[in-house]
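Worksheet: one structure, shown below.
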Amino acid sequence: MRISAVIALLLSVSALHAGFLSSEEPNVKCVYSGTDGNCVEPILNAENQLVITVVGQGVAPSVTASPAQAYALAKRAAMADGYRQIAEKVKGVQVEGQDTIKNLMLVQSSTRTSVEALVRGANVTNTTFKEGLCEVEMEIALSYSRVLR
């Protein structure tokens, strides 16, 4: 039994070395593509602004006192989702994961994500409400001087 555990450990270490510790450049997908098809990464410098647009979604609770209350609560949830998406794009997301393995088999797997940021100056550009789902389009313009504050 111990020999098979040692072999499995050696195989997993060599797989990690081949995938993560190699000196080759990793394949990185292009997030933004220009009109000519080449990868264009948005760069924020002193000469330009970077505009980030997101669509937040919120659902009205099933039990509300009135349609107006359902709309207000769904819109608030959609705005909170939009703020979260902006924070994720600007500051990034912290990901924590934990796997429990027993007898070389996955027993339990959990992932937790979090983001911490202060978002100022986001504007709501469009709001739609259909069948209990509210979608809020939000945008924020980032300038070099604003980010350094």
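Residues that are of a type in the set (Asp, Glu) and in contact (Cβ under 8 Å) with a residue 24 or more places away in the chain were ranked within segment 80-108; the one that is farthest from Gln57 (Cα to Cα) is Glu88. Output yes when any residue across segment 110-120 is surrounded by fewer than 15 Cβ atoms within 10 Å (Cβ to Cβ), of a type in the set (Gly, Ala, Ser) and part of a strand (DSSP E or B), and no when none is. Checked segment 110-120: at least one residue is surrounded by fewer than 15 Cβ atoms within 10 Å (Cβ to Cβ), of a type in the set (Gly, Ala, Ser) and part of a strand (DSSP E or B).
Annotation note: of Leu142, Leu133, the sole residue that is in contact (Cβ under 8 Å) with a residue 12 or more places away in the chain, among the hydrophobic types (A, V, I, L, M, F, W, C), surrounded by 11 or more Cβ atoms within 10 Å (Cβ to Cβ) and under 12 Å from Gly56 (Cα atoms) is Leu133.
Once segment 47-68 is narrowed to residues that are surrounded by 13 or more Cβ atoms within 10 Å (Cβ to Cβ) and either out of contact with any Asp or Glu (no Cβ under 8 Å at 6 or more places or on another chain) or without any contact (Cβ under 8 Å) to a residue 60 or more places away in the chain (or both), the residue that is nearest to Arg112 (Cα to Cα) is Val59.
Picking from residues in segment 84-110 that are within 20 Å of the chain's Cα centre (by Cα) and hydroxyl-bearing (Ser, Thr, Tyr), the one that is farthest from Ile52 (Cα to Cα) is Ser109.
Every number here is computed from the coordinates shown, using simple stated rules; none is lab data. Quantities reported herein were computed from a predicted structural model and do not represent experimental measurements. Ideal geometry is used to build each Cβ from the backbone, glycine not excepted, and the neighbour counts take in all protein chains shown.
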